[in-house]
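Have a look at the structure below before the remarks.
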Amino acid sequence: MAKITYHTHDNKTYTIDVQKGLTVMEGAVQNDIPGIDADCGGGMACATCQVYVKEEWLDKLPAKEDGEEDMLDMAFEPKNNSRLSCQLIVSDELDGLEVSIPSKQG
Amino acid sequence: MNKTDVLIIGAGPTGLFCAHQLGIIGLSCEIVDNLDKAGGQCIELYPDKPIYDIPAVPECTGEELTNNLLQQIKPFNVKFHLNERVEHLKKTESRWHVKTSGGVEFDVAAIVIAGGVGSFEPRKFPVKECEKFEGNSLFYSIKDKSIFKDKTISIFGGGDSALDWAIELSNTSKVNLIHRRDGFSGADSSVQKVKELNDQGKLNLYTKFQLDSVMGDKNIELVKIKHDEGEIKEFKSDYVLGFFGLIMQLGPILDWGLNIDKKTVQVNTENFETNVQGIFAIGDICSYPGKLKLILSGFHEGALAARGCFKYAKPDEKLRFEFTTTSKAAQERLGIKK
Ligand SMILES: Cc1cc2nc3c(=O)[nH]c(=O)nc-3n(C[C@H](O)[C@H](O)[C@H](O)COP(=O)(O)OP(=O)(O)OC[C@H]3O[C@@H](n4cnc5c(N)ncnc54)[C@H](O)[C@@H]3O)c2cc1C
Ligand code: FES
């Protein structure tokens, strides 16, 4: 398990123990945290699972795979700290990660 | 008015295979899809990517799967209504009256919703004022390019559509191309061309900028863009074009009185009927305990939903279970000559 903190657009905070191996997207969807649509189910084909990563975490996350940045071009209000949460696989290294969920996904 | 036994909403893999299953048991159907082609996610999101888990097909691409499904339903001459979104359903005695965005109407005995995650629609700008100009000076697709002649156009996006239109329109219009980063997802050759045009002053490229606001009275007159670092630039612009791909929107499906949970429609697993009699849901859009969002599950669901439709289409007949290998009737329907 790793603790992942999700801040939603309406200023609510959820800290969840997410099982290792799941994605940050799944951690939110399975725990009914609103705001992550994940329309393509983790296929890196929809950009509706965008999150903004807390600055101090940006460098600690695994680098973007081919295609993630292309997909982020399509996201709703992408920023420099945007990631696709379906591409972030939870591991010990991610324990304590904090992400914010945008107001909308599209 | 199109009269048929079953209307299938969605031409994704699940809807296509359900058409086959309806054909085999002797029911007619027509298919509506919002996209301009059949194939759903397979054709829109990953036509060239390989799929490895279609039973008995070790490997095929999204496009190949779609073509094979279309080939498989060919004997049934299924009528497609593409570029149409199903908007309204109304029960009339024992049948359904259905209407699309383009005004196409259907009179059917049953409806199968194979709508995936909803209909594919263009992704829009996050900037609120954009709505006001949509359709008059702000577009997400181009129908008539002649209106852009000798005008100033601001194009947003970094994929093939944005690049291709920027290159093409730069011949006859003043083009600004704006993209959120230095890299592009479009073809390298197009990126190269855009950079050349920019160097030659035939087009203005702004990277690391995004739309900040649009201003104008009836039509857009001024566009403001904002750099990553906060710098704002503004310029005159007659038109704004946004190319951010497609997003899936459940849209009208929400208004049909169905039990919806997290953007999916609840069904029973006996025949995939929803809480509304005569309306079935299959594929990614349906939910039940244990649902897997896989194509193979959608095929199974379609086979059962097709049989569920039978009693509505032919209330006085009984459906007999048959194999295609040995059923004369099924083979006749498939047009097999012996
Ligand atoms: C990148 C990626 C890779 C994948 N890889 C695999 C894989 O390897 N194996 C696998 O089994 N699955 C895979 N999938 C999942 C698979 O593509 C989906 O499960 C499948 O497409 C679902 O099919 P469907 O027919 O239910 O819906 P969709 O394919 O989503 O099609 C639904 C169609 O309905 C239309 N529609 C919706 N509402 C309306 C309306 N009101 N009016 C008109 N039309 C409407 C839409 O426009 C759309 O074309 C993958 C998905 C993605 C994104
Ligand atoms: S769930 Fe679709 S890109 Fe992440």
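FYI, it's all coordinate maths here, none of it is from the lab. Keep in mind the model is a prediction, meaning the values are calculated, not measured. Ideal geometry is used to build each Cβ from the backbone, glycine not excepted, and the neighbour counts take in all protein chains shown.
Taking only the C-alpha atoms of the range B:124-244, Rg followed by Dmax gives 13.1, 38 Å.
Note on B:SER213/B:ASN77: beta-carbon distance plugged into 1/(1 + (r/R0)^6) with R0 of 56 Å gives a FRET efficiency of 0.60. The equivalent ellipsoid that matches the C-alpha gyration tensor of chain B spans semi-axes of 45, 22, 17 angstrom, in descending order. Compute the label zone of A:LYS64 within the range B:173-203: residues whose backbone N is under 15 Å from the point 7 Å along Cα-to-Cβ. Answer for this model: B:179-186.
When the C-alpha to C-alpha distance is required to be over 23 Å, the pairs from B:LYS174/B:LYS233; A:LYS79/B:LYS193; B:LYS74/B:LYS318; A:LYS104/B:LYS132; B:LYS91/B:LYS314 that qualify are A:LYS79/B:LYS193; B:LYS74/B:LYS318.
Given N residues in the range A:2-100, what is its alpha carbon radius of gyration divided by 2.2 N^0.38 Å?
Output field value: 0.95.
For chain A, a Gaussian network of Cα nodes joined below 10 Å ranks A:GLN30, A:GLN87, A:GLN50 by mean-square fluctuation, and the top entry is A:GLN30. Simple spin-label estimate for B:ARG320 and A:THR13 gives 6.9 nm between the two label positions (7 Å along the Cα-to-Cβ direction from each Cα).
Under 13 Å between alpha carbons, and skipping anything fewer than 8 positions from B:LYS195 in its own chain: which aspartates and glutamates qualify? Leaving aside aspartates and glutamates fewer than 8 places away in the same chain, those within reach of B:LYS195 are B:ASP164, B:ASP182. Here the range B:1-142 is treated with +1 on each Lys and Arg Cβ and -1 on each Asp and Glu Cβ, and its dipole about the Cα centre works out to around 360 debye. Projecting the Cα positions of A:GLN30, A:ASN81, A:ALA63 onto the charge dipole of chain A (unit charges on Cβ atoms of Lys, Arg, Asp and Glu, taken about the Cα centre) puts A:GLN30 furthest along the positive direction.
If both residues of a DSSP beta bridge must be in the protein assembly as shown, then about 50% of such bridges are antiparallel. Of all DSSP bridge pairs formed entirely within the range A:2-100, close to 75 percent run antiparallel.
Based on Cα contacts under 8 Å between residues 6+ apart, chain A shows a relative contact order of 42 percent. Along the axis of the charge dipole computed for the protein assembly as shown (Cβ charges of +1 for Lys and Arg, -1 for Asp and Glu, origin at the Cα centre), the listed residues B:THR100, B:LEU69, A:MET44 are led at the positive end by B:THR100.
Each of the chymotrypsin sites (Phe, Trp or Tyr not before Pro) that DSSP puts in a loop and that has at most 12 other Cβ atoms within 10 Å breaks chain B; the longest unbroken stretch is B:53-320. Listed from fewest to most Cβ neighbours within 10 Å, the set B:LYS208, B:LYS128, B:LYS145 follows the order B:LYS128, B:LYS145, B:LYS208. Of B:GLY290, B:GLY12, B:GLY62, which is the most mobile in a GNM of chain B whose springs link Cα atoms less than 10 angstrom apart? Comparing B:GLY290, B:GLY12, B:GLY62 in a Gaussian network model of chain B, the most mobile one is B:GLY290. Its residue count N fixes a reference of 2.2 N^0.38 Å for the protein assembly as shown, and the Cα radius of gyration divided by that reference is 1.08. Neighbour counts of C-beta atoms inside 10 Å place A:MET1, A:MET74, B:MET1 in the sequence B:MET1, A:MET1, A:MET74, starting with the fewest.
Partner shielding of B:247-257 amounts to 2, given as the average count of beta-carbon atoms from other chains within 10 Å of each residue beta-carbon.
Give the separation of the Cα centroids, the range B:3-20 to the range B:277-296, in Å. So the two Cα centres are separated by 14 Å.
From its DSSP helices (H runs of at least four residues, each -39,500 (n - 2.57)), chain B gives a residue-normalised ellipticity at 222 nm of -7000 deg cm²/dmol. Taking trypsin sites (Lys or Arg not before Pro) across the range B:39-125, none is in a DSSP loop with at most 10 further Cβ atoms lying within 10 angstrom of its Cβ. When both bridge partners sit in chain B, DSSP labels roughly 45% of those beta bridges antiparallel.
In debye, nearest 20: dipole of the range B:124-244 around its Cα centre with unit charges on the Cβ of K, R (+) and D, E (-)?
My answer is approximately 140 debye.
Dipole orientation for the protein assembly as shown: of the candidates B:SER119, B:HIS179, B:LEU45, B:SER119 has the Cα lying most toward the positive pole (charges on Cβ; Lys, Arg +1; Asp, Glu -1).
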